[in-house]
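Asker: Below you will find the structure I want to go over with you.
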Amino acid sequence: MMAKVEIYTWRTCPFCLRAKALLESKGVDYIEYGIDGDEDARDKMVERTGGPRSVPQIFVEDQYIGDCSGIYALDAQGKLDPILGV
């Protein structure tokens, strides 16, 4: 069963586009929270991440996974697919 994936993004962020492209290439559906210019939404994201304010920030099954470089590193190590359930 595929995991619940959530991603916080800005529309024009190249790292957000890369992270979403990786998820899409694996056939993963995700919930996207576009927080462009919304400081309240960004504060909620920071609460969940425990600190990082940059985007994207990615959660799988409510567990914080990291940012774009983090998700690509997990993929390179062969650890992402098991986390995603693909």
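Asker: When TYR8 is evaluated against the numbered criteria (1) more than 9 Å from the chain's Cα centre (by Cα); (2) over 17 Å from LEU74 (Cα atoms), which criterion, by number, is the only one it fails?
Answerer: (1) is the only condition that TYR8 fails.
Asker: Out of all the residues in the range 1-34, which are assigned to a strand (DSSP E or B) and open to solvent by 70 Å² or more (accessible area, probe 1.4 Å)?
Answerer: Result: ILE31, GLU32, TYR33.
Asker: From the list LEU22, LEU84, pick out the single residue that is within 11 Å of the chain's Cα centre (by Cα) and more than 17 Å from ARG11 (Cβ to Cβ).
Answerer: LEU22
Asker: Can you pull out the residues in the range 51-66 that are farther than 25 Å from MET2 by Cα and either part of a helix (DSSP H, G or I) or open to solvent by 60 Å² or more (accessible area, probe 1.4 Å) (or both)? Give the steps one after another, and end with the answer.
Answerer: Here is the first cut: in the range 51-66, the residues farther than 25 Å from MET2 by Cα are 51-54.
Of everything in the range 51-66, those that are farther than 25 Å from MET2 by Cα and either part of a helix (DSSP H, G or I) or open to solvent by 60 Å² or more (accessible area, probe 1.4 Å) (or both) turn out to be ARG53, SER54.
Asker: What single numbered condition from (1) more than 16 Å from LEU74 (Cβ to Cβ); (2) free of Cβ contacts under 8 Å to residues at least 12 places away in the same chain fails to hold for SER25?
Answerer: (1)
Asker: Just checking, does the range 52-70 include any residue being over 12 Å from the mean Cα position of the chain (by Cα) and touching a residue at least 24 places away in the same chain (Cβ under 8 Å)?
Answerer: no
The values are calculated or read from the model by the stated rules, or taken from the named source; none is laboratory data. None of these values were measured; they are calculated from a predicted model. When we count neighbours, we look across all protein chains shown, and the Cβ atoms used for this are built from the backbone with ideal geometry, even at glycine. Ligands, DNA and RNA are stripped out before the accessible areas are found, and what is left, the full protein with its side chains, is counted by its heavy atoms. Shrake-Rupley method; radii C 1.70, N 1.55, O 1.52, S 1.80 Å.
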